[in-house]
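The numbers here are math on the coordinates, done by the rules we state, and not lab data. Since we're looking at a predicted model, the values are computed, not measured. Cβ sites come from the backbone with ideal geometry, for glycine too, and all protein chains shown count toward neighbours.
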Amino acid sequence: MNYTTDRQEIGAPAPHDGAARVAVMNSTGTNSRGSAANLSTALAKQGKHVCLITADNAVGNKPAVPGQAQGLSLQELLAGRKVLAEILLDGPAGCQILSTGNTFSNFLLMNGAEQILLVELLSQLEEAFDYLIVETAADTDKGSLQLFQAAPLILLTITPEAESLTKAFSLLRALKRNYAEQPIHVIVEKAGNLPDAHGTFKKLQHAAMKYLQMNPHYLGYFPAPQPQQGSLAPDPHSDHYLEAIADRCCSILETIAPTASLSHHFDELRSAQKLTDESMASAAEADGKIARSAETRTLSTPYNPGGWHERLNDRIALFDAIHYAGMLAERESER
């Protein structure tokens with residue numbers, strides 16, 4: 001399938017052997033939203049071709065991206081009513097934005113044709129962009145965890161609040177249970193200064209190492225508030241913090257071999273689900289054949305008068321007859 005867009009040339013040579021570097025980003029803090037947009041903007045300012053994929057439902061019933069419904073445009077693309085150029089939004093500094101809503105979470109519930117279209121879309125995005133930054137929800141359901149399993153790098157944004165640390169720990173525990181072994185790097189938001197940011201990170205790192213045997217790494221912190229109201233543009237006062245985090249993120253992603261990709265991961269999920277469905281269908285068909293065969297044998301087997309219960313009844317009747325005959329003989333002899 002050829003998705004075309006007049007913003008980023010699909011099919012243009014991309015670095016890293018045609019495979020975009022992928023990072024999945026999750027924010028657990030209260031009103032902590034915009035880190036993925038800030039990071040995407042900072043990368044775009046460095047001349048990178050970046051696509052921000054918002055793969056969660058917006059907080060407070062508001063769209064994750066202003067002016068766009070939650071994933072409805074992607075649903076229209078999967079239905080064949082729109083093309084990629086029509087659903088990609090222009091973000092700051094040339095960054096482009098794709099809102100997917102809960103499409104990834106519901107991937108295994110989609111029909112086969114829609115799954116194939118989504119895998120092809122991801123493949124096109126990986127070829128066209130240098131970086132894919134996926135912003136996902138804090139949910140730990142099976143569907144959401146698929147995104148974390150697909151990404152070579154997981155970025156976790158926390159705030160100093162206890163609720164944020166609790167949610168972050170719950171997410172790490174879910175990743176541990178689902179055998180997600182990718183490196184996890186933590187960004188601290190709304191910290192008063194560097195020591196406060198380190199202190200917040202150390203609390204999470206200590207709990208993760210003690211109870212989960214996981215070792216998350218520190219990536220940086222944002223001391224300034226999140227993007228200005230109604231805009232994805234970052235606060236100019238935090239530009240140098242963003243640049244530092246973007247540089248570190250690039251360095252980390254450069255050291256990770258892109259052995260897997262979103263498209264490859266979801267294509268494997270689709271194939272595995274297809275095999276499972278086919279196996280279940282074959283098993284159900286085999287069970288049906290066995291049941292029908294047993295029913296046929298039951299209906300077609302002739303009545304056998306020599307069953308064990310009838311043979312037992314015959315022996316009892318014979319014994320009674322012999323006993324009765326003996327009694328008659330004794331009476332006649334007495335006469």
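List of remarks:
- Close amide H partners of THR157, meaning residues 5 or more places away or on another chain with modelled amide H under 5 Å apart, are ASN26, SER27, THR28, ILE187.
- Per-residue Cβ neighbour rank within 10 angstrom, fewest leading, CYS250, CYS51: CYS250, CYS51
- The range 154-193 and the range 75-114 have their alpha-carbon centroids 27 Å apart.
- MET209, MET214, MET25, MET110 arranged by Cβ crowding within 10 Å, fewest neighbours leading: MET209, MET110, MET214, MET25
- Of LYS167/LYS190; LYS142/LYS167; LYS82/LYS167; LYS45/LYS167; LYS142/LYS210; LYS167/LYS202, those spanning more than 27 Å from alpha-carbon to alpha-carbon: LYS82/LYS167; LYS45/LYS167
- Applying a DSSP loop filter and a limit of 12 other Cβ atoms within 10 Å to the GluC sites (Glu not before Pro) in the range 81-187 leaves GLU181.
- As a rough footprinting exposure proxy, the listed residues VAL119, VAL50 were ranked by other beta carbons within 10 Å of their own, and the order from fewest upward is VAL119, VAL50.
- Put a dot 7 Å past the Cα of ASN111, heading toward its Cβ, do the same for SER170, and the two dots end up 3.5 nm apart.
- For ARG177 and SER251, the difference between the fully extended length at 0.36 nm per residue and the C-alpha to C-alpha distance is 23.8 nm.
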